[in-house]
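Have a look at the structure below before the remarks.
The values are calculated or read from the model by the stated rules, or taken from the named source; none is laboratory data. Here the structure is a predicted model, which means the values were calculated and not measured. Neighbour counts are summed over all protein chains in view; Cβ atoms, including those assigned to glycine, are modelled from backbone coordinates with ideal geometry. With ligands, DNA and RNA removed, areas are computed over all heavy atoms of the protein, side chains included. Shrake-Rupley method; radii C 1.70, N 1.55, O 1.52, S 1.80 Å.
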Amino acid sequence: MSTSTATESRFTLGKHDMMVFILVMSLTGLQNAVTEIMPEFTLGPLELGVGGFVFIPIVLVLLFRTYWAALAVPVGEIVFGEILLGEFDGLGAMEGLLLIPVCYYFAAKLLQDPENTTQLALVVFLAEALEEFFAMWIDIGKIYVGVEELEAVPGLPESILVLEGVDFVTQMAITGIVFGVLPALYLYPKLHGKVEPLLGMESFRGERGASMAGGVSVKALLALLIAVPLAFVAEAASEVGGAINVIWEPEFLDVYGQPFIAVPIVVAAAVAAIVWYRASKSPRER
């Protein structure tokens, strides 16, 4: 049997897992590149912008429910949103590489009843909230240890707690709810049970009426607790600089102008289309 079963390790990397990884990576990179060209708006002292169409990576992780699918999310952002744009900071990229997979995977495990819209909404919100919450405290920590200076915002108190708290609330309202929960409530039921078999994966059936508590994973929680301090160390080291960091910054956008953003968009879309075509055309053993 070629399809993944519920009893298989969610960390096993097989042929189908690799296809899922590449698909999630390319689609995440695509949405990340598109959000780069979206304008930001100011409302008094606040800058309002779309942090990303997070419903795309979160729904994909909920569909496939493997750590590899979750890991593909930050990898896609690094490849298509940083490297192809010539803005790669090795240690700076480690925060997302460490935090996003464990936050998304931990939240995805909590979805026990795929037909429960309330549970789905909570899981999607939690996935983004966890990542934003820990990223907020990492930023606060960098100010307190002195590796980064506080950037004052006119109209708001010069307090890192206030600044980061306001940013967290606005990000969760815009990115977490408007571009996270609401579209995910529509997209996940439409794709669940239809996309997974095309890539040789078994759909998650769950249990009707099951509690989210049944999905609490000690290993996933432990990974979360380990990833946060490691992400802080990497971010602090990135701010300090030095020989241990790997930086590649030809800054293609500055050299070739804003139209260069089309490069990662086209490449990501092409990779996703190729993977989808091969998956839909490849014979599946029964």
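Excluding same-chain neighbours fewer than eight residues apart, the lysines reachable from K15 by a Cα-Cα span under 23 Å are K109, K194, K281.
Taking all protein chains as present, what is the carbon and sulfur share of the accessible area of the chain, in % to the nearest whole number, probe 1.4 Å?
The value for the chain is 65 percent carbon and sulfur by accessible area.
I want the local charge near A121. Using Cβ-Cβ distances under 14 Å, sum +1 for each Lys or Arg and -1 for each Asp or Glu among the other residues.
Result for the local shell: -3.
Sequentially through segment 70-82, phi angles give Karplus couplings (6.51, -1.76, 1.60; θ = phi - 60°) of 5, 5, 5, 5, x, 4, x, 5, 5, 5, 8, x, 10 Hz, Gly and Pro residues having no value and appearing as x. For the chain, the fraction of C-alpha pairs farther apart than 32 angstrom is 26 percent.
Solvent-accessible surface of the chain, averaged per residue with a 1.4 angstrom probe and all protein chains in place: 50 square angstrom.
The modelled label-to-label distance for the pair L13/V166, using points 7 Å beyond Cα in the direction of Cβ, is 4.3 nm. Given +1 at the Cβ of Lys and Arg, -1 at the Cβ of Asp and Glu and no other charges, the dipole of the chain around its Cα centre is 1920 debye to the nearest 20. For the chain, the longest principal axis of the alpha carbon atoms and the long axis of helix 160-171 meet at an angle near 40°. Reducing segment 114-156 and segment 157-214 to their Cα centroids gives an inter-centroid distance of 15 Å. Entry note, the chain: relative contact order of 33 percent, from Cα contacts under 8 Å with a spacing of 6+ residues. With K and R counted +1 and D and E -1, the other residues having a Cβ less than 13 Å from that of F260 yield a net charge of -4. For segment 175-218, the set of trypsin sites (Lys or Arg not before Pro) satisfying both a DSSP loop assignment and a count of at most 15 other C-beta atoms within 10 Å is given as K194, R205, R208. Between Y144 and I174, full extension at 0.36 nm per residue minus the direct alpha carbon distance yields a gain of 8.0 nm. To the nearest 20 Debye, how big is the dipole of segment 149-286 about its Cα centre, given +1 on the beta carbon of each Lys and Arg and -1 on that of each Asp and Glu? Charge dipole of segment 149-286: 1400 debye, to the nearest 20. In order along segment 228-234, the phi-based Karplus estimate (6.51 cos²θ - 1.76 cosθ + 1.60, θ = phi - 60°) of 3J(HN,Hα) comes to 4, x, 5, 5, 5, 4, 5 Hz; Gly and Pro are listed as x. The aspartates and glutamates within cross-link reach of K142, meaning a Cα-to-Cα straight distance under 20 Å and a gap of 8 or more places when in the same chain, are D89, E95, E131, E132, E151, E158, E164, D167, E235, E239.
Estimated from helices alone, the mean residue ellipticity of the chain at 222 nm is -19000 deg cm²/dmol (sum of -39500 (n - 2.57) over DSSP H runs with n ≥ 4, per residue).
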